[in-house]
Amino acid sequence: MVYKFGLFNSLNMNLKDKIRLVKSKHDVEQLGKNIKDLTGTEELITIMKDDVFVARKAAWVLNHSFDNGNRFIKDYAEQLTSILKLTNDHALKRNILRVFQFIEIPTDQESEVVDLCFSIVVNDKEKVAARAFGLTVLHNLTIKYKELKNELIFACEEVIKSNSSGLSYRAKKILKSIS
C-alpha cells in the first residue's frame with residue numbers, strides 16, 4: 001500500500017515506520033486523513049498491538065482516520081475491545097473509547113464493552129477523558145438496553161461525588177437524559 005502524506009511523501013517506508021516519525025498533531029492528521037481503506041485500517045489495528053510507544057500514536061492516527069470518514073473501523077471492534085481489555089495505557093483506552101462513542105458496537109461485543117466501560121468509569125485511577133468517553137459509550141448502550149439504566153445511574157452518581165467538573169458535567173447530563 002502506498003500512502004501519500006505531505007512530510008512522508010518522499011519517504012519509502014511502511015506505516016509503522018511513519019507512525020514512529022510522528023512528532024505533532026499535524027503529522028497525525030496527515031496520516032489519519034489518508035487511511036480510509038480496509039488494508040490501512042487493519043495495519044493500524046495491528047500496530048496498536050505493538051509496543052506501547054508506537055501503539056499510542058497508532059491509536060491517535062486511528063481517531064483522526066475515523067474523523068476523516070474511515071468507517072472500516074467498526075469492522076475491527078472485536079480487536080479494539082481486546083486491546084482495551086489488555087492495555088493499562090490511558091492513551092489507548094481514551095482513543096478506543098472515543099471511537100466507540102460514535103460507532104455501533106457489534107452485538108457480540110456489547111457485554112464485554114459494557115463491563116470494560118463500567119470498570120473504567122468507576123475507577124478513580126483512570127484518566128478523566130477515558131472515563132468520560134466510557135460514560136458516553138454506556139449511555140449509548142443504555143438507550144438500546146434499558147436494563148443498564150440503574151447501573152449507569154449509580155455510576156454517574158459516584159462520578160459526580162468525587163471528580164473533575166468536566167466529568168461531573170458529563171455524568172449530570174447523562175443522568176438528566178435517562179431520568
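Pairs under 7 Å by beta carbon, first residue surrounded by fewer than 14 Cβ atoms within 10 Å (Cβ to Cβ) in the range 155-172, partner part of a loop (DSSP other than H, G, I, E, B), six or more apart or different chains? Matching pairs, first to second residue: S162/D124.
Rundown of residues vs (1) closer than 30 Å to D51 by Cβ; (2) among the small types (G, A, S), yes/no style:
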position: V121; (1), (2): yes, no
position: A132; (1), (2): yes, yes
position: F154; (1), (2): no, no
position: G166; (1), (2): no, yes
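Selection over the range 20-31 of residues that are within 15 Å of V54 (Cβ to Cβ) and in a helix (DSSP H, G or I) gives a count of 5.
Pairing residues of the range 4-31 that are among the aliphatic types (A, V, I, L, M) with residues that are modelled with pLDDT under 90, at Cβ distances under 7 Å and at least 6 apart in sequence or on separate chains, gives L15/Y3; L31/F5. Could you check, for the range 129-136, whether at least one of its residues is outside the structural domain of A55 (by TED's automatic domain parsing), at negative phi and touching a Ser or Thr at 6+ places or on another chain (Cβ under 7 Å)? No, there is no match, as no residue in the range 129-136 is outside the structural domain of A55 (by TED's automatic domain parsing), at negative phi and touching a Ser or Thr at 6+ places or on another chain (Cβ under 7 Å). For the range 87-128, the tally of residues that are outside any loop (DSSP other than H, G, I, E, B), more than 18 Å from A58 (Cα to Cα), out of contact with any Gly (no Cβ under 6 Å at 6 or more places or on another chain) and not charged (D, E, K, R) stands at 9.
The values are calculated or read from the model by the stated rules, or taken from the named source; none is laboratory data. Source: prediction; values computed, not measured. Here the Cβ is made from the backbone with ideal geometry for all residues, glycine too, and neighbour counts use every protein chain on show.
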